[in-house]
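A short worksheet on the structure shown next.
Taken together, the values in this text are just the output of simple stated rules run on the coordinates, not laboratory data. No experiment lies behind these values; they were computed from the predicted model shown. Ideal geometry is used to build each Cβ from the backbone, glycine not excepted, and the neighbour counts take in all protein chains shown.
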Amino acid sequence: MPDHIEQLKKAIGTVAEQEYHKLVLVVGDFSSGKTRLVRGVCQDLGAICVNVNLELTRQLLTINARTYDTKASDLLKDLCDSQEPEGPLFLDNIELLFSPEVGRLNPIDLFKKVSRDRVIVLSLPCRMTSRTRGEYSQPGRPDHRRLDLSGLAVIDLEGGI
């Protein structure tokens, strides 16, 4: 874990200097230590960590379920924009974004857009299938997604690739 802490802090510093997509992904399967790492570094830096599932669910409860697929993207952007503007923003528990109930969103594209103006550190429950590709869930499940992670800073906690 100490190596991952330093990797994450270094990646945050590196992407902060980029003009586009200031996004750092911490990837690993469920129970791989993503939350512990993200929250630990967040606390070290005095930053904010948002439980996306909790906050987004609160917002979705206020709108008609038939509009989830069109509103979820805007709600997520508003959620991120409403947080303290200084320093990196850490996001954890994003599984809701893969749910068929909110449509076929591409969470990576959503976070690329949000990370244009500030550093976003995203805890992403997926397994790497190559150096630039990840996979959420299992093939055949309604929430399964193949993710293009090329060009992004990725800290792989399982280091399988």
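Just flag the GluC sites (Glu not before Pro) in region 38-118 sitting in loop per DSSP whose Cβ has no more than 16 other Cβ atoms within 10 Å.
Details: sites: GLU55, GLU86, GLU95, GLU101; in loops: GLU86.
The qualifying sites are GLU86.
Could you work out the relative contact order of the chain? I mean the mean sequence separation of Cα pairs under 8 Å and 6+ apart, divided by the number of residues, in percent.
Numbers: 269 pairs, mean separation 54.8, N = 161.
Computed over the chain, the figure is 34 percent.
Could you check which residue among THR62, THR70, THR132 shows the biggest mean-square fluctuation in a GNM of the chain with a 10 Å Cα cutoff?
THR62
Mind checking the log10 I(q)/I(0) for the chain at q = 0.09, 0.14 Å⁻¹? Debye, one equal scatterer per Cα, no solvent, two decimals.
After summing over all Cα pairs, the log10 values are -0.27, -0.67.
List the residues whose amide H sits under 5 Å from the amide H of ASP156, counting only those 5 or more places along or on another chain, with H placed 1.01 Å from N in the peptide plane.
Residues meeting the amide H criterion: VAL27.
Just to confirm my numbers, what's the Cα centroid distance between region 99-119 and region 20-60 in Å?
14 Å
Skipping prolines and chain starts, which residues have an amide H placed within reach, meaning under 5 Å, of the one on ILE63, given they are 5 or more residues away or on another chain?
So ILE63 has HN proximity to no qualifying residue.
Can you tell which of VAL41, VAL26, VAL121 shows the greatest fluctuation in a Gaussian network model of the chain with Cα springs below 10 Å?
Sorting by GNM fluctuation, first place goes to VAL41.
Would you list, by chain and number, the aspartates and glutamates whose Cα falls below 13 Å from the Cα of LYS34, excluding same-chain residues fewer than 8 positions away?
Once the sequence-local aspartates and glutamates are set aside, what remains near LYS34 is ASP92, ASP156, GLU158.
Can you tell me the relative contact order of region 62-141? Whole percent, Cα pairs under 8 Å, sequence separation 6 or more. Working shown, then result.
Details: 64 pairs, mean separation 23.7, N = 80.
In percent, rounded to a whole number, it is 30.
To make sure I understand the rule: partners must be lysines, Cα under 17 Å from the Cα of LYS71, and not fewer than 8 residues away in the same chain. Which ones qualify?
Cross-link targets: LYS113.
Report the residue, chosen from SER130, SER73, SER82, that carries the largest GNM mean-square fluctuation when the chain is represented by alpha-carbon nodes joined by springs under 10 Å.
Evaluated over the chain, the most mobile residue of the options is SER82.
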